[in-house]
Amino acid sequence: MTDTTDCVLRIALPVGRGRLFDYKLPEGVQNPEAEVPGQQLPPGIRVRVPFRNRELTGVLVSSGPRSGSAARLRRAQALLDTSPLLPPSLLQLALWTADYYHYSPGLTLLQSLPSSLRAGRDLPSGTCKKWRVVCNAAAEEELLDSRAWGQKAAWQQLCGCPDGIADKALKQAGIERALLHKLVERGLVESFEITEPVRLFDDCQSLLKEQPLPLTSQQQQALDAILSRNGEFSVTLLQGVTGSGKTEVYLQAIACTLACRKQVLVLVPEIGLTPQMLERFHARFHTPVAVLHSGLSDRQRLHNWLAAKRGEVGIVLATRSGIFTPLLRPGLIIVDEEHDLSYKQQDRGASFSARDLALVRARLESVAVVLGSATPCLETLHNAQIQRFYRQLLTHRPGPARPPELVLVDSRRQVLTGGLTAASLEAINSCLSRGEQVLVFLNRRGYAPTLMCDDCNNLLDCPCCDAHLTLHMAPPALRCHHCDSCQPVPDQCPSCHSRLLSPVGQGTERTEEVLAEHFHPVDVLRIDSDSVKKKGAFATILERVQTGKQAILVGTRMLAKGHHFPAVTLVVIVNADAGFFSTDFRGPERTGQTILQVAGRAGRGDRRGKVLIQTACPDNALLQTLVTKGYGAFAEALLAQRMALSLPPFGHLALITAEAQTLDALTAFWDKSAALARQLSSRADPAPVVVTGPLPAPMERRQGRLRWQLHLRSCSRPALHHLLRRLVAGMAQQSPVSGLRWAVDVDPQEMG
């Protein structure tokens with residue numbers, strides 16, 4: 001028999017960068033190769049191992065004989081699973097993600113699991129606890145106290161179900177477990193476990209609850225194109241103007257996929273879009289739907305994750321981390337609003353793009369993926385132009401709905417009321433007089449961007465960040481929107497002690513206040529991340545909007561993403577210019593997308609909408625192109641600029657950011673790392689890699705830490721990644737610098 005020490009486990013642990021760790025089999029576990037030749041432990045199971053002076057949960061990547069001696073290897077403690085938690089395609093996707101984004105494979109793999117499984121806890125048993133009466137409890141009336149009416153009620157409920165009642169059903173009936181335990185103590189009731197059968201989603205008798213809407217010729221052509229490639233890997237860009245019926249195309253493509261007994265993964269950029277989409281799914285289909293996002297409890301996420309893995313649900317509706325959700329029978333992936341920045345995770349952990357990973361996953365699982373947007377990102381448009389993606393256009397709104405009229409409003413030398421020009425206020429009044437709704441878009445929450453001293457012109461800044469403190473009035477406070485620090489509103493200037501402090505600029509709170517006063521008694525509904533913090537607040541506001549009653553909506557980008565407001569006929573966009581002058585090369589693209597997405601909320605019903613775009617630069621060439629020629633011409637102008645500068649999609653970028661408490665710590669790190677980057681770039685093959693920096697980040701100080709960046713750019717993606725692998729390995733081997741953290745961002749979407 002082969003010695004069990006010959007079998008080595010290669011395990012991904014949530015530590016380090018880009019490496020796996022070798023362990024021997026746990027004590028008492030036989031080498032599977034010794035029992036059945038060629039058989040190995042299944043990759044994807046969790047393993048508990050000792051690591052330094054602690055225990056960690058890792059994921060088995062492979063197992064097999066070691067070329068050298070395994071005597072010095074430590075022994076794993078336990079195999080936590082008998083079968084893989086992730087199918088081979090998702091295990092491969094996670095490892096691909098770790099390699100492409102130059103991140104720890106263990107952290108990437110464990111991040112794809114629900115938190116309880118990451119912690120090494122057991123999988124739910126798949127059993128259901130039930131309660132029933134004991135057969136020989138004939139003298140129950142004598143055993144039960146006449147005053148124990150709760151116990152009697154529970155007893156009578158159980159007597160009606162000799163096969164037992166599930167724990168959940170009793171709880172829903174208002175019967176507490178304490179009552180049941182008292183009945184158990186009296187010998188009247190017992191509990192038992194049964195294995196719950198797996199309820200596959202295709203067990204339902206009828207798929208559709210309601211009949212699909214009739215499609216326009218363009219919608220039908222798009223649907224036919226998607227379905228013709230269903231069952232094989234393909235990427236279809238569904239580019240449709242706002243209100244053109246992309247969702248109906250999704251629904252009918254989903255119906256055909258479900259009819260083939262396959263599951264559908266639908267990604268949306270933000271939690272706020274899940275209730276609306278979920279309602280559409282429940283209204284159309286009988287199939288159960290699982291929702292996955294950060295707003296759920298750990299228990300809810302685990303339950304829905306397992307339901308998707310077991311094939312108990314037909315549709316999985318998720319935000320970006322849902323791209324790693326296992327499906328028993330994957331059939332279609334839909335990425336709605338594919339241009340949205342929220343698909344890129346860059347605030348913590350691995351900086352991955354869920355949209356891009358959707359394409360990799362679709363290829364691994366041989367399924368079709370649909371990317372939907374009215375304003376696709378330039379990379380997606382370029383891929384469609386070079387025929388790497390199929391493109392289907394929806395250029396008209398179905399029915400009587402027409403695209404809104406876009407009008408530029410010159411705000412120069414104007415007296416503004418709540419950030420609004422006289423022309424905008426007059427248009428709002430006219431709209432309200434007809435009983436319609438108005439949307440005012442201002443992408444800055446709070447009351448005002450900051451406070452200024454009228455005597456010395458001092459601006460109140462965050463002590464931890466290179467940013468002004470934002471004034472909030474509900475409740476009154478000065479807050480930093482970058483580090484979330486908070487301090488009371490001062491009575492006097494901290495510099496000259498003057499009491500003449502004035503708010504500068506406009507925020508959603510201030511605009512809400514002005515509009516409520518100006519148009520009293522019309523309801524003014526503010527929608528931003530501050531106003532919808534409480535659970536259910538967003539849904540309550542949306543219900544009020546859907547009634548169609550006269551109202552003014554004031555909000556940030558939360559209002560721009562996919563919401564259907566049929567009674568909104570006027571949109572006013574305040575300060576539409578800022579992004580055109582951003583230091584980030586993606587600023588103009590984001591600004592154009594936001595303008596058209598917000599504009600698309602107008603005129604989605606029977607009446608044509610109007611959009612007023614307040615601008616201090618009405619002659620801006622890009623803005624003029626966007627308004628007069630549409631997004632296609634606007635995108636072409638930006639692509640020409642990008643090509644001239646070898647920026648994405650014609651070049652490839654990576655950003656390495658290091659942060660520390662002191663400049664000395666940063667200097668010590670970058671002296672070696674930047675020198676290594678330049679040394680490697682001089683030998684870059686097959687194309688040069690341009691190294692720029694290190695330079696201070698656009699916001700050099702955040703949360704009390706200094707941040708410097710190194711920019712890497714190449715026209716060859718393989719050359720960039722070849723350099724990054726060697727550079728990251730070299731940086732990881734450096735002697736640790738106290739308090740310093742660094743991270744790699746491949747294909748960065750924001751340069752800050």
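For the reader, a short list of remarks on this structure follows.
- Which listed residue is part of a strand (DSSP E or B) and not assigned by TED's automatic domain parsing to the domain that holds Asp584, from Ile333, Ile323: Ile333
- Members of segment 719-747 found to be in a loop (DSSP other than H, G, I, E, B) and either among the aromatic types (Phe, Trp, Tyr) or surrounded by 14 or more Cβ atoms within 10 Å (Cβ to Cβ) (or both), listed by number: Gln734, Val737, Leu740, Asp747
- Leu471 being touching a Pro at 6+ places or on another chain (Cβ under 6 Å), not assigned by TED's automatic domain parsing to the domain that holds Ala599 and not small (Gly, Ala, Ser): yes
- Single condition Val689 does not satisfy, out of (1) out of contact with any Phe, Trp or Tyr (no Cβ under 8 Å at 6 or more places or on another chain); (2) at pLDDT below 90; (3) of a type outside the set (Phe, Trp, Tyr): (2)
- Only residues that are touching a Ser or Thr at 6+ places or on another chain (Cβ under 9 Å), more than 23 Å from Ser495 (Cα to Cα) and not acidic (Asp, Glu) were counted in segment 427-479, giving 12.
- Here is the figure for segment 385-436: residues that are of a type in the set (Val, Ile, Thr) and under 19 Å from Gly555 (Cα atoms) total 3.
- Flag for Pro618 being at pLDDT below 95, at negative phi and not in a helix (DSSP H, G or I): yes
- Subset tally (residues that are polar (S, T, N, Q) and at pLDDT 95 or above) for segment 231-246: 3
- So Ile613, is it under 24 Å from Cys377 (Cα atoms) and in the same structural domain as Glu700 (by TED's automatic domain parsing): no
- Yes/no for Ser112 being in the same structural domain as Leu13 (by TED's automatic domain parsing) and more than 25 Å from Leu296 (Cα to Cα): no
- Number of residues in segment 429-470 that are in a strand (DSSP E or B) and under 20 Å from Gln614 (Cβ atoms) equals 6.
- Number of the exception - Thr667 against (1) without any contact (Cβ under 8 Å) to a residue 60 or more places away in the chain; (2) within 24 Å of Asn383 (Cβ to Cβ): (2)
- Condition check for Leu666: surrounded by 14 or more Cβ atoms within 10 Å (Cβ to Cβ), hydrophobic (A, V, I, L, M, F, W, C), in contact with a strand residue (DSSP E or B) (Cβ under 8 Å, 6 or more places away or on another chain) and outside any strand (DSSP E or B): yes
- Unique match (being outside any loop (DSSP other than H, G, I, E, B) and not hydroxyl-bearing (Ser, Thr, Tyr)) among Gly372, Gly399: Gly372
- Within segment 417-427, being part of a helix (DSSP H, G or I) and buried (at least 22 other Cβ atoms within 10 Å of the Cβ) holds for one residue alone: Ser424.
- Residues of segment 602-636 satisfying the condition of being buried (at least 21 other Cβ atoms within 10 Å of the Cβ) and of a type in the set (Gly, Ala, Ser): Ala602, Gly603, Gly609, Ala635
- Asp606 out of contact with any Pro (no Cβ under 9 Å at 6 or more places or on another chain), of a type outside the set (Phe, Trp, Tyr) and in the same structural domain as Leu416 (by TED's automatic domain parsing): no
- Residues considered: Ala384, Ala308. Of these, the only one that is under 22 Å from Ile271 (Cβ atoms) and of a type in the set (Gly, Ala, Ser) is Ala308.
- Conditions (1) on the phi < 0 side of the Ramachandran plot; (2) touching a Leu at 6+ places or on another chain (Cβ under 7 Å); (3) of a type in the set (Gly, Ala, Ser); (4) at pLDDT 90 or above: number failed by Ser63: (4)
The values are calculated or read from the model by the stated rules, or taken from the named source; none is laboratory data. Everything quoted here is computed from the prediction, not taken from an experiment. Positions of Cβ are backbone-derived with ideal geometry, glycine not excepted, and every protein chain shown enters the neighbour counts.
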